[in-house]
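The values are calculated or read from the model by the stated rules, or taken from the named source; none is laboratory data. What you see is a predicted model; the values in this text were computed from it and never measured. Backbone-built Cβ (ideal geometry, glycine too); neighbour counts: all protein chains shown. Just so you know, the surface numbers come from the protein's heavy atoms only, side chains and all, with ligands and any DNA or RNA stripped out. Shrake-Rupley method; radii C 1.70, N 1.55, O 1.52, S 1.80 Å.
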Amino acid sequence: MRFLRFAVSSVLVCAGTAGVILLAQSPERARVKFAEVNVEDMREWLGYLASDELQGRQTFTEGYGLAASYVAGLLKQWGVKPLGDGGTYFEGVRIRGYKVTRNSSVTVTANGASRTFKHGDHVTFPVGPGGKQTLTFTGAEFIGYGQVADLQNRDVKGKLVIWMPNLAPAAAAGRGGGRGGAAIAITTNRAAAAIGFAPVPNPTDAERALTQAREALQKATEAVQQAQAQLQGRGAGARGRGALTPPDFTTAQRVDAPAIPQIVGDETFFEAVFAGTPGGFADLRAKAAKGEPLAAASIPVTISIDIDNTFETVSEQRTRNVVGMIEGTDATLQSTYVMFGAHLDHIGYSQVGAGVLPTVSSCRSRSDVAQAAVKAAGKVVQNPGRGRGAPPAAAAPGGSGATGTTAPPPIPFEQRDIISNGADDDGSGSTALLAIAKAFATGPKPKRSVVFVWHAGEEGGLRGSRYNADFSVVPLDKVQAVLNMDMVGRDDCNNLEGDYTNSVFVVGADRISTDLHNLIVSANGATSKPLTLDYELNDPGDPENIYTRSDHYSYAVKGIPVAFFTTGLHPDYHKVSDTVDKILFPKMARIAQLVYEAGFSIANSERALERDNKGPRAGFGSKAEMIR
């Protein structure tokens, strides 16, 4: 699972529904004799994928290539149809670096006055992807600090939202601390654009000196690169062959596709926006400076956002997704698809043997109400604050990650464990996906086609899934649903905070399609040994924000119904101790069986999932039951 949290995709475009007929009655669980997932198969596959031989499966390494070839070999053995480039099982993924020139601007008309702000003139546009477009909003919705409570009972779908950060000195401990901003408004409430306040920095002398030193270092580095190029006979103008031009950003996404504008403005800009409101911006900032509640309101303003950026490619890296398909049996429906996914990569190995040992701080952080429930049950909260402003737990001996940036442990080098095997993250999901692919290949076939994608580069920012979402191996508007698995081989926090021996977390299934949520509930109830479906991580107020952190999110932002299955985090998360001997294979097989049967039912139904876009309704404490 991706380590970075709270990322908000810059694109949120609903996929079309061409060829999809929405009927009132939702799909039902298929009545077929399902194939059975084999536990021993999974032990064999994961034993190789998480072995030292694959060196942690980091993207762009030999180990990842071995893993991809292994998966492709199994697909060929089972007769799965290749969907990749040139009739192979490999979809080439290109991650490009770009220099961007931001010519974008925003025009504000309020209280009878109009003013245009260009990038760098009191407003800042992001450097990421985003094709040319102009959006005009008559009115904007102020959403306070942009937290869950600020957005309750507010309709911001398709609208421009304005938000404030908490400016109080102790903001992390008060209202507005923690997650906030535009994330929830965009991912959950489907806002069309967002503008946040960013006060003009007032740097200290030390900060100014640091900035000047960094600028001098950058110039010196460029001078060294140019000199090296000249010494190699390429000349100072041999750009791209000798001297390296550092990119402003790298991405696997299309940069010319429309993206949701997310910009920030300073005091001058916000004074113009709030010119037509009582008290203006001064009153609002004074309250934010004290951390006081900010009332949501509609702002009488017209704002036109003109996105006009140019992108120059300056670098490129290449990797591969593994892709295959079982064709559907219905002549018409076989051109529509159900997609199953997992990520094949992990974080690699440390060159200095600084792999991190297990620590309870790697268990997930929980909301206040969830922590209260843990304590009421007589358990101890293992990680009270990660991601929510609290000091991190003390690091375990042995360093801090696969990069090896900290001092190695005080033991002989030969005795150090340098490889992060990633048995659970996401060897378990990749193995479960193999089991599902084999079940479809050797068992009954549904009416629609089913697609399997082992994504590359999830740990580096959902790269493989973002690429496939923009350059899909099948038409994205014909994809009925995406079922994604990431870390499905353990019990949440080793059951230190409760009994999760029978549990699997389900995230996102109710957000775009209520039908998808209901079908998963129905499919689970019909299995020989139903799992406990836990919806805590689906709660939009959950501090881990799991919904945006794995590959399903790349498809959700395109408007495709998604369901994410995980068994949570544990002390071995992103540690060298995430090894095969700790995997609960019988439980993992039951999860794979559930995902297989639910996906089969979608693929076998003549009725499409309705995309009603009602957002998350199942959350902490919710039971696994139908939603109407």
**Report entry** Residue count, region 264-300 (criterion: within 33 Å of the chain's Cα centre (by Cα), under 18 Å from Phe137 (Cα atoms) and surrounded by 14 or more Cβ atoms within 10 Å (Cβ to Cβ))
**Finding:** 8
Query raised in the report: In this structure, is Gly158 within 29 Å of Gly291 (Cα to Cα), modelled with pLDDT of 95 or more, open to solvent by 10 Å² or more (accessible area, probe 1.4 Å) and assigned to a strand (DSSP E or B)?
Result: no
**Report entry** From the options Ser361, Ser304, Ser315, residue that is out of contact with any Leu (no Cβ under 9 Å at 6 or more places or on another chain) and either open to solvent by less than 20 Å² (accessible area, probe 1.4 Å) or not aliphatic (A, V, I, L, M) (or both)
**Finding:** Ser361
Query raised in the report: Of Ser577, Ser550, which residue is touching a residue at least 40 places away in the same chain (Cβ under 8 Å), part of a loop (DSSP other than H, G, I, E, B) and buried (at least 24 other Cβ atoms within 10 Å of the Cβ)?
Result: Ser550
Requested in this report: Output yes when any residue across region 482-492 is in contact with a strand residue (DSSP E or B) (Cβ under 8 Å, 6 or more places away or on another chain), under 17 Å from Arg617 (Cα atoms) and either of a type in the set (Val, Ile, Thr) or surrounded by fewer than 24 Cβ atoms within 10 Å (Cβ to Cβ) (or both), and no when none is.
Outcome: no
Query raised in the report: Counting only residues that are buried (at least 20 other Cβ atoms within 10 Å of the Cβ) and touching a Lys or Arg at 6+ places or on another chain (Cβ under 9 Å), which one in region 604-628 is nearest to Thr187 (Cα to Cα)?
Result: Pro616
Report task. Output the residues belonging to region 261-286 that are out of contact with any strand residue (DSSP E or B) (no Cβ under 6 Å at 6 or more places or on another chain) and under 17 Å from Ile186 (Cβ atoms). Result -> none
Report task. Kindly check whether there is at least one residue in region 316-323 that is closer than 30 Å to Pro446 by Cα, in contact (Cβ under 8 Å) with a residue 12 or more places away in the chain and not hydrophobic (A, V, I, L, M, F, W, C). Result -> yes
Query - Among (1) open to solvent by less than 20 Å² (accessible area, probe 1.4 Å); (2) farther than 21 Å from Asn484 by Cα; (3) not in a loop (DSSP other than H, G, I, E, B) - the single one Gly353 does not satisfy - result: (3)
Requested in this report: Considering only region 440-515, give the strands (runs of 3 or more DSSP E) lying wholly within it that have at least 3 residues that are among the hydrophobic types (A, V, I, L, M, F, W, C) and closer than 21 Å to Tyr535 by Cβ.
Outcome: 479-485, 503-507
Query - Residue within region 403-425 that is among the aliphatic types (A, V, I, L, M), at pLDDT below 95, surrounded by fewer than 23 Cβ atoms within 10 Å (Cβ to Cβ) and over 30 Å from Val453 (Cα atoms) present - result: yes
Report task. Please verify whether region 77-95 includes one or more residues that are at negative phi, touching a residue at least 12 places away in the same chain (Cβ under 8 Å) and in a helix (DSSP H, G or I). Result -> yes
Query raised in the report: How many residues are assigned to a helix (DSSP H, G or I) and within 17 Å of Gln371 (Cβ to Cβ) if we restrict to region 535-545?
Result: 2
Query raised in the report: So, in region 71-108, of the ones that are of a type in the set (Ser, Thr, Tyr) and surrounded by fewer than 18 Cβ atoms within 10 Å (Cβ to Cβ), which residue ends up farthest from the chain's Cα centre (by Cα)?
Result: Thr107
Requested in this report: For Tyr555, state whether it is among the aromatic types (Phe, Trp, Tyr) and either open to solvent by 20 Å² or more (accessible area, probe 1.4 Å) or within 22 Å of the chain's Cα centre (by Cα) (or both).
Outcome: yes
